[in-house]
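Colleague: Sending over a structure as C-alpha cells; questions will come in a sec.
The values are calculated or read from the model by the stated rules, or taken from the named source; none is laboratory data. It should be emphasised that the depicted structure is a prediction, and the values quoted were computed from it without experimental measurement. Note that we place each Cβ from the backbone using ideal geometry, even for glycine, and neighbour counts take in every protein chain shown.
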Amino acid sequence: MNSQTSSDAGLGPRDDRWYLSIMSPNTKGDKFAWLDPTSIYINSKAFQDLLDDFEADLASVEFDVVAGLDAMGFVLGAGLAARRNVGFLPIRKAGKLCVDTDSVEFGNYSGRIQNMEMRTPAFPSGTRVLLADQWVETGGTMDGAIRLVEQQDGVVAGLAAIAIEENEATNGYRERFPCASAVVPGSKWQTQCNAQFLESFNSYDATRTFPKAGRT
C-alpha cells in the first residue's frame with residue numbers, strides 16, 4: 001500500500017484511507033442515506049487517492065467492463081473503468097433508457113420497491129462485469145444488479161463500493177464474490193460505518209473538501 005501522505009488535506013497517511021474523514025453527515029432527515037460521500041469526488045486529491053487504492057485492491061480481479069449503479073455508482077464506476085482501460089455500462093432506474101432493456105425489481109435501503117434496467121444486449125455471454133456502487137447497506141440494490149448481469153449470461157467478477165456495511169446480506173456477497181471497498185473490513189472505519197456514524201462528523205467542515213480555485 002502506498003504510504004504517501006495527503007499534503008493537500010493535511011490529514012493522515014494513505015494507508016489510513018484519510019479521504020473517508022471528509023465525507024458529509026446527513027443533514028436532511030431519515031428519508032436520505034446517513035452520509036454523503038460525494039465530497040471525496042469533488043476533492044481531486046481525495047478522488048485520485050481513492051482510485052489508487054481501488055487499483056491496488058482490485059489488482060488480482062479480472063473484469064472486461066465496469067457496470068455502475070444509478071446514480072452515484074456512475075462516478076466510482078466510470079473512474080475505475082478509465083483506470084483499468086475497460087468500458088463502462090450504466091445500470092439505470094426504470095424508464096431512463098431509450099433502448100430495449102432487461103428489468104428487475106428490488107428493495108432499496110429505505111425499504112421502497114423499485115425497478116432497475118440494463119440495456120439488452122449489453123455484452124457477449126461470459127463477459128466479466130465488475131459492479132460498482134457508492135455504498136452497500138442492505139444489499140437490495142446490488143442484488144438487482146447481480147440478477148441483471150446474470151440474466152444476460154454475464155459473470156459478476158466482483159463488487160466495488162466506497163463502503164460495504166457488515167450484515168447478513170453483505171457478508172453473503174463477500175463469500176460469493178471478490179469485494180473491494182475503501183472502508184477496509186476490520187478497520188476503525190468499518191466499525192463506524194456499521195454503526196452509521198463517523199467520528200469525523202463531530203468536527204466536519206465542508207470547506208476542507210473544496211478543490212483549489214484559480215488553477216490554470
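Colleague: For the stretch 133-154, which residues satisfy the criterion of being more than 15 Å from ILE91 (Cα to Cα) and either surrounded by fewer than 21 Cβ atoms within 10 Å (Cβ to Cβ) or hydroxyl-bearing (Ser, Thr, Tyr) (or both)?
Modeller: Matches in the stretch 133-154: THR138, ASP153.
Colleague: Also, quick follow-up: Yes or no: PHE177 modelled with pLDDT of 95 or more and more than 28 Å from ASN26 (Cα to Cα)?
Modeller: yes
Colleague: For PHE201, are the conditions met, namely being among the aromatic types (Phe, Trp, Tyr) and either under 19 Å from PHE106 (Cβ atoms) or loosely packed, with under 14 Cβ neighbours inside 10 Å (or both)?
Modeller: no
Colleague: Let me ask something else about it. Can GLY111 be described as small (Gly, Ala, Ser), modelled with pLDDT of 95 or more, over 19 Å from PHE88 (Cβ atoms) and surrounded by fewer than 19 Cβ atoms within 10 Å (Cβ to Cβ)?
Modeller: Answer is no for this residue.
Colleague: Here is a further query. Given the structure, is ALA59 at pLDDT 95 or above and part of a loop (DSSP other than H, G, I, E, B)?
Modeller: yes
Colleague: State whether one or more residues within the stretch 63-84 are surrounded by fewer than 17 Cβ atoms within 10 Å (Cβ to Cβ) and either under 18 Å from GLU150 (Cα atoms) or polar (S, T, N, Q) (or both).
Modeller: No; the residues of the stretch 63-84 include none that is surrounded by fewer than 17 Cβ atoms within 10 Å (Cβ to Cβ) and either under 18 Å from GLU150 (Cα atoms) or polar (S, T, N, Q) (or both).
Colleague: Any residue at all in the stretch 170-182 that's assigned to a loop (DSSP other than H, G, I, E, B), aliphatic (A, V, I, L, M) and surrounded by fewer than 17 Cβ atoms within 10 Å (Cβ to Cβ)?
Modeller: No; the residues of the stretch 170-182 include none that is assigned to a loop (DSSP other than H, G, I, E, B), aliphatic (A, V, I, L, M) and surrounded by fewer than 17 Cβ atoms within 10 Å (Cβ to Cβ).
Colleague: Continuing with the same structure: Name the single residue that is modelled with the highest pLDDT among those in the stretch 1-52 being in a loop (DSSP other than H, G, I, E, B) and among the acidic types (Asp, Glu).
Modeller: Of everything passing the filter in the stretch 1-52, ASP30 is modelled with the highest pLDDT.
Colleague: Report yes if PHE177 is of a type in the set (Phe, Trp, Tyr) and either in contact with a helix residue (DSSP H, G or I) (Cβ under 7 Å, 6 or more places away or on another chain) or within 19 Å of LEU80 (Cα to Cα) (or both), otherwise no.
Modeller: Answer is yes for this residue.
Colleague: Using the structure shown, decide if LEU130 is under 13 Å from LEU89 (Cα atoms), crowded, with 16+ Cβ neighbours inside 10 Å, under 17 Å from the mean Cα position of the chain (by Cα) and in contact (Cβ under 8 Å) with a residue 24 or more places away in the chain.
Modeller: yes
Colleague: Anything in the stretch 26-57 that is farther than 18 Å from LEU198 by Cα, of a type in the set (D, E, K, R) and either under 17 Å from the mean Cα position of the chain (by Cα) or surrounded by fewer than 14 Cβ atoms within 10 Å (Cβ to Cβ) (or both)? List them, or say none.
Modeller: Hits for the stretch 26-57 are LYS31, ASP49, ASP52, ASP53, GLU55, ASP57.
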